[in-house]
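Shown next, in structure tokens, is the structure this report addresses.
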Amino acid sequence: MIERIRIIGIGMGDPLQVTGEAARALATVDVFLVADKGEVKSDLVAARQAVCDALIPAAHAYRVVEVPDPRRGPDAERDDTAYDRGVRNWHAARVDAYAELIESLPDSETTVGFLVWGDPAFYDSTIRVVDALVQRWAAEGLEVDHDVIAGISAPQLLAARHRIPLNRIGAPIHITTGRRLVDEYDPALGDVVVMLDGHLACAELAQAHPDVELYWGAYLGTPDELLVHGPLAQVVDEVRRVRDEARERHGWVMDTYLLRPPAGAPAVAGPSGFPETAPLTDGIVTVRPVTAGDWQVLRDEHNNEESLRWDFFGQPHTDERAGQLAAQARREWRLGRAARFVMVDAVTGEGAGVINVMRMGPPGLGLVGYGVLPDFRGRGFTTRALRLVARWAFEEAGIERLELGHKAENLASGRAAAKAGFSPEGRLRQRLPNPDGTRSDEIYYALTRDQLSPEDGA
Ligand SMILES: C[S@@+](CC[C@H](N)C(=O)[O-])C[C@H]1O[C@@H](n2cnc3c(N)ncnc32)[C@H](O)[C@@H]1O
């Protein structure tokens, strides 16, 4: 009768790479369940058996039961949704197969072990399957304990064999699959580890990224281990040849690799952020970067009749949403996506509105958006804030041209822009959606760096 399930990472099949904790756990298991994935990978089943033979004391009786793995459709031709659905169905079929087997165990067998190749945390569904089993039994009133024992995974062994760390100093590591690689690869990701790549997807990147370094390894941890390292464009053909030959010999191949931007490339070339700024003021209005504490100003600027009327959707912000927007502002600023300022009454310190600059389109362009709380309307706050922010954008943030637009009916918005020096550039027909499903024309304005007059920031 089942009492406990242990999910044990066993590394890459060499008993020497099984951790002491895993070895100890192995010796507590009555029945090991291993997925039988068919003939081609029977060497892997044999490797698992070798681990048990080497590490479980002779006095401890155990059984290994192979559970036929439910069939999975062809992944390569599926789009992401079909792939996801296929994997979920496959998991569900696995849960059923394991439940049936475990429920039929004799009373003397209380501890079931799953031997997981590498580490259970890397592209392995055992933890999800066991979670589903445990929940299913809990719903029936049966409490089953379970734990997870870490193992050495393929990326760790790849790094060890190539004698490299996987990350560069303080930089992230992106781990992905061959299926996703070509769509998502960008040198700005930094170091990218690729697993589950049946087709050596990195070959498709060689032309665009010839100097990216490839650290490739196959059959890691086995006597047949293969390693290749070099600039992608130079070594990818060799990797393909070596890989094809090995697959021919073994009937299967398991490989993983690291793509590392060439030496000298910036650690993580993220988009350049907006420069930090102290509060900007003309003595009447102050603008300063939005912080998490400004959420009520963001909420109140949005949640009033006038603002909702000019909004695209007319939906008020919940407090939670306003909190999220305010909390994200620092990150957007650092990433250079948006410089969000809160307008403050310089005398009383009260929040009066918001004004934003978003980077958009060709380099050097900034799109401005703004809104003032009802109590502060008609007092010239927007014009003052626009002047302060425009000067900062041109002088500090590398912006050459600021653009803004308003719904044709929103005359007050246009007046504030014109007073701040923006010139109308035209009418864009039916450009902006209204909450009632109709669309409004947009009046477009711009201000260029050379139009900024010296007194604008005063
Ligand atoms: C289903 S995932 C399992 C990963 C495993 N849980 C781990 O921690 O490494 C299988 C993928 O792991 C990588 N892999 C597993 N064993 C490997 C080995 N001996 N050498 C190279 N890559 C291996 C390959 O990318 C393979 O497609």
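Calculated FRET efficiency, Glu248 and Ala46, Cβ-Cβ r, R0 25 Å, to nearest 0.05?
On the way: r = 20 Å, r/R0 = 0.78.
With a Förster radius of 25 Å, E is 0.80.
Within segment 241-314, the GluC sites (Glu not before Pro) that combine a DSSP coil assignment with at most 15 other C-beta atoms in a 10 angstrom radius are Glu276.
Using a 1.4 angstrom probe on the protein heavy atoms only, line up Ser153, Ser108 by accessible area, largest first.
Numbers: Ser153 0, Ser108 95 Å².
Putting Ser153, Ser108 in descending order of accessible area: Ser108, Ser153.
Counting only protein heavy atoms and a 1.4 Å probe, segment 4-152 has 51 square angstrom of accessible area per residue. Summed over the residues of segment 207-286 and divided among them, the accessible surface reaches 50 Å² per residue at a probe radius of 1.4 Å. Beta bridges per DSSP, both residues in the chain: antiparallel share near 65 percent. Roughly to the nearest percent, how much of the accessible area of segment 361-447 is carbon and sulfur, given a 1.4 Å probe? Whole-percent figure for carbon plus sulfur exposure: 49.
Where only protein heavy atoms count, and the probe is 1.4 Å, what is the accessible area per residue for segment 343-458 in Å²?
For segment 343-458, the per-residue accessible area is 48 Å².
Computing FRET efficiency as 1/(1 + (r/R0)^6) for Glu276 and Thr318, where r is the C-beta to C-beta distance and R0 is 30 Å, gives about 0.50. Which residues does the label zone of Thr28 cover in segment 125-149, counting backbone N under 16 Å from a point 7 Å along Cα→Cβ? Once the point is set 7 Å along Cα→Cβ of Thr28, 144-149 turn out to lie under 16 Å by backbone N, inside segment 125-149.
Mean separation of Cα pairs under 8 Å and 6 or more residues apart, divided by the residue count, gives segment 155-260 a relative contact order of 30 percent.
Per-residue 3J(HN,Hα) values for segment 140-149, derived from phi via the Karplus relation 6.51 cos²θ - 1.76 cosθ + 1.60 with θ = phi - 60°, read 9, x, 9, 8, 10, 6, 8, 9, 10, 10 Hz in sequence order (x marks Gly and Pro). For segment 155-260, the fraction of 1.4 Å probe accessible surface lying on carbon and sulfur atoms is 50 percent. In the chain, the sites counted are trypsin sites (Lys or Arg not before Pro) in DSSP loop states with at most 14 other Cβ atoms within 10 Å, and the longest stretch holding none of them, exclusive of the sites, is 164-378.
In percent, how large is the relative contact order of segment 4-152, given Cα pairs closer than 8 Å and 6 or more residues apart?
Values: 222 pairs, mean separation 68.7, N = 149.
Taking the mean separation of contacting Cα pairs over the length of segment 4-152, I get 46 percent.
With the simple spin-label model, which puts each label point 7 Å out from Cα in the Cβ direction, the Arg128 to Leu335 separation comes to 2.5 nm. By accessible area, using a 1.4 Å probe on protein heavy atoms only, segment 4-152 has 51% of its surface on carbon and sulfur. Between the amide H of Thr177 and those of Met195, distances stay under 5 Å, these residues lying 5 or more places away or on another chain, with hydrogens modeled in the peptide plane. Taking every C-alpha pair closer than 8 Å and separated by at least 6 residues, the mean separation divided by the residue count of the chain gives a relative contact order of 11 percent.
The values are calculated or read from the model by the stated rules, or taken from the named source; none is laboratory data. The model shown is predicted, which means the values in this text are computed figures rather than measured ones. With ideal geometry, Cβ positions are generated from the backbone for all residues, glycine too; neighbour counts draw on all protein chains shown. To get the accessible areas, we keep the full protein, side chains included, count just its heavy atoms, and leave off ligands, DNA and RNA. Shrake-Rupley method; radii C 1.70, N 1.55, O 1.52, S 1.80 Å.
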